[in-house]
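Asks: Quick one: the structure is below, questions incoming.
No lab work stands behind these numbers, since they all come straight from the coordinates. In this text, all values refer to a predicted model and were calculated from it rather than measured experimentally. Heads up, the Cβs are rebuilt from the backbone with ideal geometry, glycines too, and the neighbour counts pull from every protein chain shown.
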Protein chains: 2
Amino acid sequence: MDKTLLKLKALADRNRFRIFGALTQYEELCACQITELLQVSGATVSRHLGILVTAGLVKSRKESRWVYFALDEGCDEMDNILDWLLPRLRLSDQIQADLEVLDGIMAVSREDLCRQQRGEACCPVQKKEKADG
Amino acid sequence: MDKTLLKLKALADRNRFRIFGALTQYEELCACQITELLQVSGATVSRHLGILVTAGLVKSRKESRWVYFALDEGCDEMDNILDWLLPRLRLSDQIQADLEVLDGIMAVSREDLCRQQRGEACCPVQKKEKADG
DNA sequence: TATATAATTAGTTGTATAGCTAATTATATA
DNA sequence: TATATAATTAGCTATACAACTAATTATATA
């Protein structure tokens, strides 16, 4: 398919748009961190990430059992689409809310995050919402 | 919905992408000309155009029975997305082919175009493909 | 070497949407 | 004023795809 159309289709989904937005803020994110942000199954996140990678918007890096994702600026003239997207991401309520939530997610170790995700809530981190403090 | 996501969704369809590409080349195009380009039903084109207008990417102007469509640069910072899109549209085989076909379409009066479209092929313009000359 | 685990892939289901034809609307003209 | 016509809207169908759970793969560790 047309590469440009492929990129547009990749970004034209709320959850992939959110992933992209998150990756503009952090150097790289682990699959489990993105899963925590979107609150959908890991399988779904994996598929979304695959679509973004195929479109050339995101790249991945495997480190032992963990896989990290980042914007793929190198591949295409990404900064160019970022010129258009970045100001808009900053105006998006959804993306702004996500960045706040990500703040909290990044404060938790990936191990704890994954433990929580498979229902083994170990620590007093029961609620994922900020405890209003 | 998020305005940016709305625009991405609007452009993330092959036919709407083609309409947008066509409108970057011509000041404005009549609905029937776009119908001729895409070779789908007028109803389908009308719906696609509606989606582009709702997204703020395209504007319309009614003149008697004809409706003309053009890029809606005024509304948003369109030039900005055009910075990203224009070079890519030039690299798209689909869009380039469309522009050649449009050349031929623009040479026919809208009246004849519509006559053809409802099967009243009046003139010797039976085939829409270029007669290889 | 067997078990645990992070991620992906396979297989399924429900929803969204692109396409069609038919009906309707708005405008021009006989 | 009745008819023709460009475009839109309504109603329908088929396909695309986002989500899930279950199964599989790849890596680490007991």
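Asks: Mind checking the dipole of the stretch A:22-77: about its Cα centre, +1 per Lys or Arg Cβ, -1 per Asp or Glu Cβ, Debye to the nearest 20?
Replies: Here the stretch A:22-77 has a charge dipole of around 340 debye.
Asks: Separate question: On full extension of the chain, what length is gained from residue A:53 through residue A:109, given 0.36 nm per residue of separation minus the C-alpha to C-alpha distance?
Replies: Separation in residues times 0.36 nm, less the Cα-Cα distance, equals 17.7 nm.
Asks: For residue A:70 paired with residue B:14, estimate the spin-label separation in nm (one decimal), with each label point 7 Å from Cα along the Cα-to-Cβ line.
Replies: In this crude spin-label approximation the distance works out to 3.6 nm.
Asks: Also, quick follow-up: Could you give P(r) for the stretch A:3-117, binned at 5 Å from zero, as whole percent values over all Cα-Cα pairs?
Replies: 2, 11, 24, 26, 21, 11, 4, 1
Asks: Can I ask one more? Can you list which of the DSSP-assigned H helices in chain B have a Cα extent of 30 Å or more along the long axis and an average Kyte-Doolittle score of at least 1.0?
Replies: TM-like helix candidates: nothing returned.
Asks: Taking the axis about which chain B rotates onto chain A, which residue of B lies nearest it as judged by Cβ position, and how many whole Å separate them?
Replies: For chain B, the closest residue to the axis carrying it onto A is B:12, 2.
Asks: So for the stretch A:11-114, taking the charge dipole from beta-carbon charges (+1 Lys/Arg, -1 Asp/Glu), which of A:70, A:49, A:80 sits furthest toward the positive end?
Replies: A:49
Asks: Can you compute the FRET efficiency between residue A:90 and residue A:28 using 1/(1 + (r/R0)^6), with r the Cβ-Cβ distance and R0 = 25 Å? Round to the nearest 0.05.
Replies: Here the calculated transfer efficiency is 0.80.
Asks: If I take R0 = 25 Å and measure r between the Cβ atoms of residue B:44 and residue B:3 in this structure, what FRET efficiency does the formula 1/(1 + (r/R0)^6) give, to the nearest 0.05?
Replies: Details: r = 25 Å, r/R0 = 0.99.
Efficiency, from the Cβ-Cβ distance: 0.50.
Asks: Okay, moving on. If you place +1 on the Cβ of every Lys and Arg, -1 on the Cβ of every Asp and Glu, and leave all else neutral, what size is the dipole of the protein assembly as shown about its Cα centre, to the nearest 20 Debye? Could the numbers behind the result be given before it?
Replies: Numbers: 38 positive and 42 negative charges, 203 e Å.
My answer is approximately 980 debye.
Asks: In debye to the nearest 20, how big a dipole does chain A give about its Cα centre with +1 on each Lys and Arg Cβ and -1 on each Asp and Glu Cβ?
Replies: Result for chain A is approximately 500 debye, rounded to the nearest 20.
Asks: Looking at chain A as a GNM with Cα springs under 10 Å, which of A:118, A:18, A:65 has the largest mean-square fluctuation?
Replies: Per the Cα network of chain A with a 10 Å cutoff, A:65 tops the list.
Asks: Where is the GNM fluctuation largest for chain A (alpha-carbon springs, 10 angstrom cutoff): A:97, A:22, A:31?
Replies: Of A:97, A:22, A:31, the most mobile in the Gaussian network model is A:97.
Asks: If amide hydrogens are placed 1.01 Å from N in the peptide plane, which non-local residues have theirs closer than 5 Å to the one on residue B:30?
Replies: So residue B:30 has HN proximity to B:69.
Asks: Across the residues of A:89-98, average count of Cβ atoms on other protein chains within 10 Å?
Replies: 2
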